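Only the coordinates and a few stated rules stand behind these numbers; no lab work does. Only a predicted model underlies this, so the values are computations on that prediction, with no experimental measurement involved. So basically every Cβ, Gly included, is an ideal-geometry build from the backbone, and we count neighbours across all protein chains shown.
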Amino acid sequence: MAQVTRLMVHRADGLQGILTVPDTLLGGRRSEVTLRHGHHETIARLVPMKEANGVHLAGDIWKRLSLPDENVLDVHVLWDEAENLLRIGPLLAIMARVRRKKGQLTGAQAPVFERLSEAGRTLGVLTYVFSPLEIQWTKGTVRGVYWNDERKWIMGTFPLPDVVYDQVVSRRFEDRPDVKESRNKLIRLLYPRYFNAGFFDKWTMFQWLSADDRTRRQLPATTLYRAPGQGTQFLVEWGDIYMKPARGSLGQGLVRVQLAVNGQALYRWRKGPGRTETGVAKDPRAWFEQHHRFLRRRRYILQRTIPIPSLEGRVWDVRALMQKDESRAWKRTKMFVRISHPGEVASNLAAGGRAERVEKVLSHMALGLSAERGLVRRLTRTAHNVAQVVEESSGLQLGEMGVDLGVDDRGGVWIIEVNAKPWKSPDTDEGDERLLERSFLRPVAYAKSLAGFSP
């Protein structure tokens, strides 16, 4: 049985080919041992020491294993006596569209990667960030960046990792043929130790959720757009609908269409950040005929608008961040309300929305304290059901997802959509620091478990 120990690993530049360990760590007498870090291996001559302060690695071994350029690492070692193998790690690689300036990460995700790297240090998990375009497959190495003990990003060459956490949040980047090729190679190499690959398709998601008794009854009427006549019939039936690109994200391309008393179609179309087009068509069919080709090409879904009571004249929903940790079970890390920016049709924070505590918003519905608590429990239960159904239906290895829920004017809970790459704010606008820290610790703890380094 493998033994996992957390201890300090020191670089000993004055030694060659030698590994010194506490004599209680490995047990038994042996002259050499195989060392592994990620997908790099080497043989080291073993020197047990009674008073050894952690593990000491000769400088040449440190280099052959492509360990980070530091003198001391606070990590785990896993001893497999049957294989005469000592693993140093675990090694977690966060795959992303990397943006760098003068060696430092830039862009909106940079603070997120800092938080995840700090979580790695807290849990004893070596973590680096890399682009799928910087893998040297023939050498089994990756060019990436590492958050060092001076809290700076340093470039380095690392082994292919034990686990990959997919944080590519750009669909356009992910759709590049070279990115797809690298991702598929990594999945084949590491599965099931590669999690949160790709994005969800909204129409496929509806089919998964509508096929399961745990979630079917909480879905608003939804259909895939096919023709002007079909779209007209759907709008006339419900009077108020949302239209969403099946492969869209961040509220881009979202359209709300309402049927006026005089038969006109009133619409608000989110064209991009800060750009919402409003207009009127003489009737629903005229609107659908005008935009038919675009709606078909982008594969739009039509969804009945849930009768959610407005808040200060704005739309809102509830986001539940569902994650796994070392237990590999789904847990609700945090839940908050997203309130749209004035005039916006989407509540996404990326669209200028703001976050509020669930309890604060529900108090405006005047349900009473007991009913509010019951509603929070139903929201949590629904989010758990969604996470389980999506994981089972997709067959994907998932470590987190964002579940967006609506609460109607009668207190009913509805499933709006599911996000494969939920944004984790690096600040505390959405809640307290404890929950914020947990949202970064849990995916790293899950990766540690996948790598086999959990007790």
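Quick look at the values:
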read-out: 19 Å Cα-Cα reach of Lys102 towards aspartates and glutamates, excluding residues that sit fewer than 8 places from it in its own chain; value: Asp69, Glu114, Glu134, Asp149, Glu150
read-out: Separation between Cα centres of region 398-451 and region 226-298, rounded to whole Å; value: 29
read-out: Span per principal axis, largest first, for the Cα atoms of region 91-195 (Å); value: 35, 27, 23
read-out: Inter-centroid distance (Cα atoms) of region 161-204 relative to region 1-61, Å; value: 34
read-out: Ellipsoid semi-axes in whole angstrom, largest first, where each is sqrt(5λ) of the Cα gyration tensor of region 3-89; value: 17, 14, 13
read-out: For region 115-157, alpha-carbon Rg and Dmax in angstrom; value: 11.3, 33
read-out: For the chain, the fraction of alpha-carbon pairs in successive 10 Å shells from zero, as %; value: 4, 19, 26, 22, 14, 9, 4, 2, 0
read-out: Nearby aspartates and glutamates by direct alpha-carbon distance to Lys360 (threshold 19 angstrom, same-chain neighbours under 8 apart not counted); value: Glu312, Asp317, Glu372, Asp404, Asp408, Asp409, Asp429, Glu430, Asp432, Glu433
read-out: Sequence ranges 170-181, 154-165, ranked by mean other-Cβ count within 10 angstrom, highest first; value: 154-165, 170-181
read-out: Region 222-304: projected area of the alpha-carbon convex hull, averaged over directions, in nm²; value: 4.8
read-out: Unit charges at the beta carbon, dipole of the chain: most positive-side option, Leu26, Tyr242, Val444; value: Tyr242
read-out: Relative contact order of the chain, pairs being alpha-carbon contacts under 8 Å that are 6 or more residues apart, as %; value: 14
read-out: Cross-link partners of Lys271 among aspartates and glutamates (Cα-Cα below 20 Å; sequence separation of 8 or more within a chain); value: Asp201, Asp240, Glu289, Glu344, Glu417
read-out: Helical mean residue ellipticity (222 nm; -39500 (n - 2.57) per DSSP H run of 4+; nearest 500) of the chain; value: -8500 deg cm²/dmol
read-out: Signed unit charges on C-beta, dipole axis of region 203-273, positive-most listed residue Leu254, Trp208, Gln264; value: Leu254
read-out: ³J(HN,Hα) computed for each position of region 213-230 - Karplus, 6.51 cos²θ - 1.76 cosθ + 1.60, integer Hz, glycine/proline x; value: 4, 5, 10, 4, 6, 9, 9, x, 3, 9, 8, 8, 5, 10, 8, x, x, 5
read-out: Positive-end residue, the chain charge dipole about Cα centroid, Cβ charges, pick of Ile415, Ile306, Leu362; value: Ile306
read-out: Proximal charge balance of Phe199 [Cβ under 9 Å; K/R count +1, D/E count -1]; value: +1
read-out: In region 71-110, the trypsin sites (Lys or Arg not before Pro) that fall in loop regions by DSSP, at most 10 other Cβ within 10 Å; value: Lys102
